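Take a look at the structure below.
The values are calculated or read from the model by the stated rules, or taken from the named source; none is laboratory data. Computed from a prediction, not measured in an experiment: that's the story for all the values here. Neighbour counts are summed over all protein chains in view; Cβ atoms, including those assigned to glycine, are modelled from backbone coordinates with ideal geometry. Note: accessible area is taken over every heavy atom of the protein model, side chains too, but ligands, DNA and RNA are not part of it. Shrake-Rupley method; radii C 1.70, N 1.55, O 1.52, S 1.80 Å.
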Amino acid sequence: MKKTTRATILACLCLTLALITTAGLAQQTKPKRINRAIELLGQGQPIYYTGSHSGTAGTFEQGKSDAQTFADYISYDMEHAPFDVKGLSEYMRGLAEGGPTKSGHRTPAVIVNVPVTGIEEAAVRANAWMFAQVLATGVNHVTDWNDPTAHAEVVAIREACKKLGTFWLKDCDVYTSCEPCPMCLTAIYWSHCRTIYYGNSAADAAKIGFDDSFLYDEVRSPHHQRKIPMRKMLAEKAWESFAAWEANPNKIEY
C-alpha cells in the first residue's frame with residue numbers, strides 16, 4: 001500500500017509540474033503580428049470570417065460581444081447600412097475592451113465594407129480621399145434614443161463640434177441623403193457650415209410621410225395663428241437674463 005501511495009503522489013506531482021510548465025509557455029507566447037489574419041496567411045493557412053451582410057450594429061456592446069469570436073477576422077458591413085463612422089469607432093472601442101482574443105491579439109482583425117466603387121485605381125484613390133475628409137457622421141436616432149431632435153444632421157453636427165472643440169464649422173460641408181428639415185437647416189446655419197449637398201428633396205420626403213411643409217408654414221404664420229399656442233409673459237423678468245449676458249465682459253458671441 002505504501003508503494004502504491006508514493007507512486008500516486010509522484011504521478012500527481014509530475015502532472016502538476018507539466019501543467020504549470022505549459023501555462024508558463026502559453027503566457028510567454030506573443031502574437032507575431034497585430035493582425036491575426038495576415039499572420040495566418042503568411043503561414044499558408046486559411047482564414048475564416050464572421051459578420052453581417054445587412055449592416056453591423058455599430059455599438060460598444062456589440063464590439064465587446066464580438067471580441068471573443070471564433071473567426072480570424074470580422075466583416076463590418078456599412079455597404080448595406082448608414083456610413084456611420086462614430087458607430088464604427090464605438091464598435092472598435094468595444095472590441096478592445098472585450099479583448100484580448102483567444103489567440104492573444106488585442107482585437108480580431110476587422111475589414112469594413114463600404115458602398116463605393118473599387119474597380120479602378122482612380123476610384124479607389126478618390127474614395128480614400130473622401131474617407132479622410134469625413135469629420136463626423138450621423139444617422140437618425142429619434143426612435144431609439146427617444147429624442148425628437150436626434151435627426152441625422154444634428155447628430156453629425158454635435159459629433160463634429162465635439163471633435164473640433166468648437167461650435168463654429170465654417171470650413172465644413174454637409175452631405176445628407178435628404179434636404180434638411182427646418183430644425184436641421186437652422187442647426188446648420190447656427191454652426192456656420194459652408195455648403196449643403198443633398199439627395200432627396202423635401203417633396204420626396206413628403207411622399208413617404210415626412211412632410212416638412214407644415215413646419216415651414218408654421219414659421220411664417222403669426223404667433224396667434226400657430227397650431228401650438230405661444231403666449232408672451234413675464235417680459236421684464238425675462239429681460240434680466242439678456243441684460244446680464246449683454247453686460248458680461250467674458251461673453252462668447254456666436
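Figures for the structure shown
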item	result
Where a residue in the range 144-169 is more than 21 Å from Ile196 (Cβ to Cβ) and its partner, wherever it lies, is open to solvent by 30 Å² or more (accessible area, probe 1.4 Å) and among the hydrophobic types (A, V, I, L, M, F, W, C), with Cβ under 8 Å and at least six apart	Pro148/Val142
Pairs, first free of Cβ contacts under 8 Å to residues at least 60 places away in the same chain in the range 120-131, second hydrophobic (A, V, I, L, M, F, W, C) and in a helix (DSSP H, G or I), C-beta under 9 Å, six or more apart	Phe131/Val85
Subset of the range 82-113 (residues that are of a type in the set (Val, Ile, Thr), in contact with a Phe, Trp or Tyr (Cβ under 7 Å, 6 or more places away or on another chain) and free of Cβ contacts under 8 Å to residues at least 60 places away in the same chain)	Val110, Val112
Residues (among the hydrophobic types (A, V, I, L, M, F, W, C) and buried (at least 20 other Cβ atoms within 10 Å of the Cβ)) located in the range 68-77	Ile74
Some residue of the range 149-156 being in contact with a strand residue (DSSP E or B) (Cβ under 6 Å, 6 or more places away or on another chain), charged (D, E, K, R) and modelled with pLDDT of 95 or more	yes
The range 234-254 residues that are in contact (Cβ under 8 Å) with a residue 12 or more places away in the chain, paired with ones that are in a helix (DSSP H, G or I) (beta carbon under 8 Å, 6 or more apart)	Tyr254/Trp190
Residue match in the range 58-67 (condition: under 22 Å from Val174 (Cβ atoms), in a loop (DSSP other than H, G, I, E, B) and either open to solvent by 40 Å² or more (accessible area, probe 1.4 Å) or modelled with pLDDT of 85 or more (or both))	yes
Hits in the range 232-254 - residues which are open to solvent by 100 Å² or more (accessible area, probe 1.4 Å), of a type in the set (D, E, K, R) and within 24 Å of Thr166 (Cα to Cα)	Glu246, Glu253
Selection status of Asp171, within 16 Å of the chain's Cα centre (by Cα) and open to solvent by 80 Å² or more (accessible area, probe 1.4 Å)	no
Enumeration of residues in the range 84-123 that are open to solvent by 60 Å² or more (accessible area, probe 1.4 Å) and among the polar types (S, T, N, Q)	Ser89, Thr117
